Amino acid sequence: MASNLDLEEQEQLASLKHFWSKYGNLISWVAIVVFGSIGAWNGWTWWQSRQGAQASVLHGELERAAQAGEVDRVQRALKDLREQFGSTTYAQQGGLLAAQTLAQAGKSDEAQAALQWVLDKGDDAGYQAVARLRLASLMADAKKYDEALALLAGKLPTEFSGLAADRRGDILLLQGKKPEAMAAYRQALTGLDDRADYRRLVEVKLAALGGDAPPSAAVAAAR
């Protein structure tokens, strides 16, 4: 990045010298604007790097607290991470990790709040998708079936479609909706990679309900 900025600066200087005699004072004002922009960009890059480094340290603290099962420490680290570095990827990663720790500690409401933050404030579609799936599971555990299904109906990256359908099947089965659950599991299988180990589990779920798995993508292509 620095070399690109240096190159741009040299090109701008050459242009200024070439036209200096013709444009005089106008060039002076252009130079001020140009170099001010370069300085601002360098300052922004430095600030971003500094934010990332500090967020990394705080995320490391959260990880250690999670490994030790220290819930209060996890919550403090997550709070600081979100308040001080909420725009970083570390904050989204921390939200997912903290939610997992909180859920394992029986603090479902706090776990749901952590996942909801990632969903609402995050800017990474992958992390948001993970948060959506995990939040739906916690809602289902709390028997909030309709809310969980509505959450899964939200927009997700294609890579997560199979997992979302599988989760939907689990919830529909809990509601006693066997035909709908079977349809969801079949949809999940069409969205999961043929080589994924998790696919075997979905096939078992479908078979337990008396359903046949659809042909894999490889088999379908060979027909």
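Odds and ends about this structure:
- Separation of the residue 89 and residue 108 label points, Cα + 7 Å toward Cβ, nm: 3.3
- With bins 10 Å wide beginning at 0, the percent of Cα pairs of the stretch 68-223 falling in each bin runs 11, 34, 31, 17, 5, 0.
- q = 0.18, 0.19, 0.20, 0.32 Å⁻¹, the stretch 111-162: log10 I(q)/I(0) [Debye, one scatterer per Cα]: -0.51, -0.57, -0.63, -1.29
- Amide N of the stretch 74-92 lying under 19 Å from the label point, which is placed 7 angstrom from the Cα of residue 123 along Cα→Cβ: 81-92
- Taken over the Cα atoms of the stretch 130-194, the convex hull encloses 70 Å³ per residue.
- Projecting label points 7 angstrom from Cα along Cα→Cβ for residue 208 and residue 73 puts them 3.7 nm apart.
- Residues with amide H under 5 Å from that of residue 88, placed H, sequence gap 5 or more: none
- With R₀ fixed at 25 Å, the C-beta to C-beta distance from residue 193 to residue 100 puts the FRET efficiency at about 0.55.
- In order along the stretch 150-161, the Karplus-derived 3J(HN,Hα) couplings, from 6.51 cos²θ - 1.76 cosθ + 1.60 at θ = phi - 60°, round to 5, 5, 5, 6, x, 5, 9, x, 3, 4, 9, 4 Hz, and Gly and Pro are given as x.
- Calculated from backbone phi, Karplus (6.51, -1.76, 1.60) coupling profile of the stretch 107-117 in Hz, x at Gly/Pro: 9, 5, 4, 5, 5, 4, 5, 5, 5, 5, 4
Bear in mind these aren't lab numbers, they're just calculated from the coordinates by the rules spelled out. What you see is a predicted model, and the numbers here were worked out from it, not measured in a lab. So basically every Cβ, Gly included, is an ideal-geometry build from the backbone, and we count neighbours across all protein chains shown.
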